[in-house]
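I have placed the structure first, in the form of structure tokens, so that the comments after it can refer back to it.
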Amino acid sequence: MVINDDRPRHAERREQLLLVARTIFAERGFQSTTMDDIAKEAGFTKPILYQYFESKTDLYREIVAQTAEKLLASLQEAVASVESPRAKIEVAFRVYFEMVVSETDAFRILFIHSHEGDTGHELRALELGLISFLEPLINVPISDEHRRQLAAGVVGIAEGAAIVWLEQQALKGWPPPAEGAAERLAARSATLAWGGLRTVHQD
């Protein structure tokens, strides 16, 4: 007897819907996007879309969760390959901005549209994850409270630079990223962050 297993097709269709939704959310924002818009662009009916996602918010959160999971996993893998604290900070910035530049739609959702409606806490969850990731990289004899504050500051540098770069791209009409854009963003941010961290002294 042949058993028909639709799981690969189901997963493929679900990923297609996520990619379409990501593009539309990035262009229009969360509030202005409807499930009808996503279904139509994907070439499916709205009832089919609801078979995969219970609501627009559920779909949005899945996109954010995928982005956060991929970013944190890439950061963990990258810092494991280097030894010194400075090298870890530098490689973390490089990985972060490589993903911002290569997956612009995802970060437009996170940084440009994430404060709309009830979706703001999704960005906050990612920020807290990045802070927790950075804390052990700040290898200075200071209190845990102080270390977490510094980690939050480093996250702020990265996020602020990413937001400004995205806004600059928007003003230009979203051209292809300039060659070396990620490397320049990473180098500038790492220099600023490390310049501050190296002056930190014991509590």
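Before we move on, is K40 surrounded by 19 or more Cβ atoms within 10 Å (Cβ to Cβ) and out of contact with any Cys (no Cβ under 7 Å at 6 or more places or on another chain)?
Working: surrounded by 19 or more Cβ atoms within 10 Å (Cβ to Cβ): no; out of contact with any Cys (no Cβ under 7 Å at 6 or more places or on another chain): yes.
Spelling it out, it is not the case that K40 is surrounded by 19 or more Cβ atoms within 10 Å (Cβ to Cβ) and out of contact with any Cys (no Cβ under 7 Å at 6 or more places or on another chain).
Where residues in the range 51-93 are among the hydroxyl-bearing types (S, T, Y) and surrounded by 14 or more Cβ atoms within 10 Å (Cβ to Cβ), which of them is farthest from the chain's Cα centre (by Cα)? Can you show your working first?
Of the range 51-93, the ones among the hydroxyl-bearing types (S, T, Y) are 52, 55, 57, 60, 67, 74, 81, 84.
Now drop any that are not surrounded by 14 or more Cβ atoms within 10 Å (Cβ to Cβ), which leaves 52, 57, 60, 67, 74.
Details: Y52: 23, T57: 17, Y60: 13, T67: 5, S74: 11 Å.
Among those that are among the hydroxyl-bearing types (S, T, Y) and surrounded by 14 or more Cβ atoms within 10 Å (Cβ to Cβ), it is Y52.
What number goes with the only condition from (1) at pLDDT below 90; (2) farther than 20 Å from I163 by Cβ; (3) of a type outside the set (V, I, T); (4) assigned to a helix (DSSP H, G or I) that E135 does not pass?
Just one mismatch for E135, condition (1).
Restricting to the range 138-148, give me the number of residues that are surrounded by 13 or more Cβ atoms within 10 Å (Cβ to Cβ), at pLDDT below 95 and part of a helix (DSSP H, G or I).
Going through the range 138-148 one residue at a time, the tally reaches 2.
Might you check whether a residue that is more than 22 Å from L72 (Cβ to Cβ) and crowded, with 18+ Cβ neighbours inside 10 Å occurs anywhere in the range 94-102? Quick ask: steps written out before the conclusion?
Initial filter on the range 94-102 (more than 22 Å from L72 (Cβ to Cβ)): none.
For the range 94-102, residues more than 22 Å from L72 (Cβ to Cβ) and crowded, with 18+ Cβ neighbours inside 10 Å: absent.
When you go through A73, A161 one by one, which is the residue that is of a type outside the set (D, E) and either in contact with an Asp or Glu (Cβ under 7 Å, 6 or more places away or on another chain) or touching a residue at least 60 places away in the same chain (Cβ under 8 Å) (or both)? Outline the logic, then answer.
On the way: A73 fails: either in contact with an Asp or Glu (Cβ under 7 Å, 6 or more places away or on another chain) or touching a residue at least 60 places away in the same chain (Cβ under 8 Å) (or both).
Residue meeting the stated conditions: A161.
Checking S189 against (1) assigned to a loop (DSSP other than H, G, I, E, B); (2) small (G, A, S); (3) closer than 30 Å to R61 by Cβ, which single condition isn't satisfied?
(1)
Quickly run through the range 119-154 and pick out the residues that are closer than 30 Å to S32 by Cα and touching a Phe, Trp or Tyr at 6+ places or on another chain (Cβ under 9 Å). Show your work before the answer.
So in the range 119-154, the residues closer than 30 Å to S32 by Cα come out as 119-130.
Within the range 119-154, T119, E122, L123, L130 qualify.
With A106, A162 as the choices, which residue is closer than 30 Å to D58 by Cα, at pLDDT 95 or above, buried (at least 17 other Cβ atoms within 10 Å of the Cβ) and of a type in the set (G, A, S)?
Of A106, A162, the one residue that is closer than 30 Å to D58 by Cα, at pLDDT 95 or above, buried (at least 17 other Cβ atoms within 10 Å of the Cβ) and of a type in the set (G, A, S) is A162.
Does A152 fit the bill of being of a type outside the set (S, T, N, Q), within 23 Å of D105 (Cβ to Cβ) and surrounded by 14 or more Cβ atoms within 10 Å (Cβ to Cβ)? Steps first, please.
Details: of a type outside the set (S, T, N, Q): yes; within 23 Å of D105 (Cβ to Cβ): no; surrounded by 14 or more Cβ atoms within 10 Å (Cβ to Cβ): yes.
No.
The values are calculated or read from the model by the stated rules, or taken from the named source; none is laboratory data. A quick note: this is a predicted structure, and the numbers were derived from the prediction, not measured. Glycine also receives a Cβ, built like all others from the backbone with ideal geometry; neighbour counts cover every protein chain displayed.
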